[in-house]
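First comes the structure, then the notes that go with it.
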Amino acid sequence: MFVLGLQGSPRKKGNTSVLLSTFLTQAEKLGANTDYLDVPEKNITPCMECGTCEREGFCPIEDDMQDIYPQLRRADIIVMATPVFFYGPTAQMKALIDRSQALWARRYVRKLMDPLSKWRKGLLLALGATKGQNLFEGLNLTAKYFFDALGAEFDGLLGYRKIEGPGEIKKHPTALTEAKEKAVAMVSPLMKRKRMLFVCTENACRSQMASAFAQHLAGDRIEAESAGSAPAQKVNPVMMEVMAEKGIDMAYRKPESTKDVATRRKPDQIFSMGCGDIFPLFPDASNEVWNLENPAGKSIDFMRRIRDEIEERVKKLVDGI
Ligand SMILES: Cc1cc2nc3c(=O)[nH]c(=O)nc-3n(C[C@H](O)[C@H](O)[C@H](O)COP(=O)(O)O)c2cc1C
């Protein structure tokens with residue numbers, strides 16, 4: 001369960017920072033993993049409109065955005081927090097938003113579906129100095145289309161007017177309470193999901209496919225993760241290709257070690273693809289061995305057969321939950 005907070009204000013410990021931190025602290029109290037991403041601190045080049053993302057499906061600009069794409073893809077909830085600057089987000093936040101065009105292109109040009117996109121939620125936290133009726137209109141529209149590109153359902157706005165000097169948000173009669181209440185409303189249902197961990201050796205093919213199918217089919221009921229006893233450097237490109245044939249986008253996923261996954265939350269159930277010994281790490285979790293042959297290095301048809309078998313098994317699994 002991962003909540004990503006995007007903090008857009010260049011002012012250190014400003015109003016936006018206080019509001020977002022309040023939301024994230026409450027989410028952590030409920031058991032979520034969170035990340036406070038201070039956008040102005042990141043090196044994010046504005047979109048150059050080179051068209052590479054639409055032609056090739058990725059952004060070629062080598063900067064901090066390359067680490068942010070996987071974060072956006074991993075998040076169950078994304079919070080965009082920004083002050084109003086000229087009726088829009090700050091320039092720093094806007095650079096990040098424009099670079100999400102790479103995710104838009106994967107979705108709408110390549111027609112691939114991020115496995116979590118049916119379930120991910122996006123929230124806008126915003127504040128400004130003035131009190132005009134239309135203060136948040138520009139931001140609302142930007143957030144709506146930003147979240148759509150990310151594959152997140154826009155869950156609405158918490159917006160506060162007449163907030164100007166540093167720390168003024170703390171004196172607002174309802175803002176911080178509302179941020180906490182919103183965190184409870186968004187995070188609590190997701191914490192009730194059954195936590196399933198799929199494991200193989202390299203976390204490059206089988207366990208990645210299994211967790212992606214579980215996320216895609218039942219991400220509202222299952223929190224699916226995957227890991228490997230000896231993780232590879234990157235996921236298998238043939239696996240990405242056969243999952244794309246099913247319309248599922250495996251971009252931005254990285255193999256992870258079972259030890260790293262163990263530092264987060266304990267799984268309820270573990271599914272081993274038939275290799276690697278991770279069970280001593282989670283002695284209380286129930287486990288099942290699937291005994292699926294490793295498709296790495298074999299033909300694409302073999303990869304397809306393993307994909308289809310995994311899909312069938314996951315379908316049966318999620319039907320019962
Ligand atoms: C460049 C700039 C543009 C701004 N534009 C607006 C605006 O259009 N409407 C408004 O109500 N406040 C505007 N403000 C005020 C900020 O939104 C306000 O001071 C806010 O509390 C700053 O939040 P922070 O502490 O998180 O940076 C602007 C401030 C700056 C520096």
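The values are calculated or read from the model by the stated rules, or taken from the named source; none is laboratory data. What you see is a predicted model; the values in this text were computed from it and never measured. Note that we place each Cβ from the backbone using ideal geometry, even for glycine, and neighbour counts take in every protein chain shown. These accessible areas exclude ligands, DNA and RNA; they are computed on the full protein's heavy atoms, side chains included. Shrake-Rupley method; radii C 1.70, N 1.55, O 1.52, S 1.80 Å.
Can you find a residue that is within 16 Å of the ligand (Cβ to nearest atom), within 24 Å of S17 (Cβ to Cβ) and open to solvent by 30 Å² or more (accessible area, probe 1.4 Å) anywhere in the range 66-85? Yes, the range 66-85 contains at least one residue that is within 16 Å of the ligand (Cβ to nearest atom), within 24 Å of S17 (Cβ to Cβ) and open to solvent by 30 Å² or more (accessible area, probe 1.4 Å). Taking E312 and the conditions (1) without any contact (Cβ under 8 Å) to a residue 40 or more places away in the chain; (2) over 17 Å from A224 (Cβ atoms); (3) open to solvent by 80 Å² or more (accessible area, probe 1.4 Å), which numbered condition does it fall short on, given that it satisfies the others? Exception for E312: condition (2).
Restricting to the range 128-182, give me the number of residues that are more than 16 Å from the ligand (Cβ to nearest atom), among the acidic types (D, E) and farther than 30 Å from Q215 by Cα. Summing the residues that are more than 16 Å from the ligand (Cβ to nearest atom), among the acidic types (D, E) and farther than 30 Å from Q215 by Cα in the range 128-182 gives 0.
There is no residue in the range 246-256 that is touching a Lys or Arg at 6+ places or on another chain (Cβ under 6 Å), open to solvent by 30 Å² or more (accessible area, probe 1.4 Å), farther than 30 Å from K111 by Cβ and not aliphatic (A, V, I, L, M). Considered as a group, the residues in the range 67-105 that are touching a residue at least 40 places away in the same chain (Cβ under 8 Å) and of a type in the set (G, A, S) include one that is nearest to S117 (Cα to Cα), and that residue is A75. Looking at P295, is it touching a helix residue (DSSP H, G or I) at 6+ places or on another chain (Cβ under 6 Å), assigned to a loop (DSSP other than H, G, I, E, B) and not basic (K, R)? Answer is yes for this residue. Scanning the range 10-28 for residues that are open to solvent by 60 Å² or more (accessible area, probe 1.4 Å), more than 18 Å from E223 (Cα to Cα) and either more than 15 Å from the ligand (Cβ to nearest atom) or in a helix (DSSP H, G or I) (or both) turns up just one, T25. Reported count of residues in the range 204-238, each being more than 17 Å from E288 (Cα to Cα) and either of a type in the set (G, A, S) or assigned to a loop (DSSP other than H, G, I, E, B) (or both), is 14.
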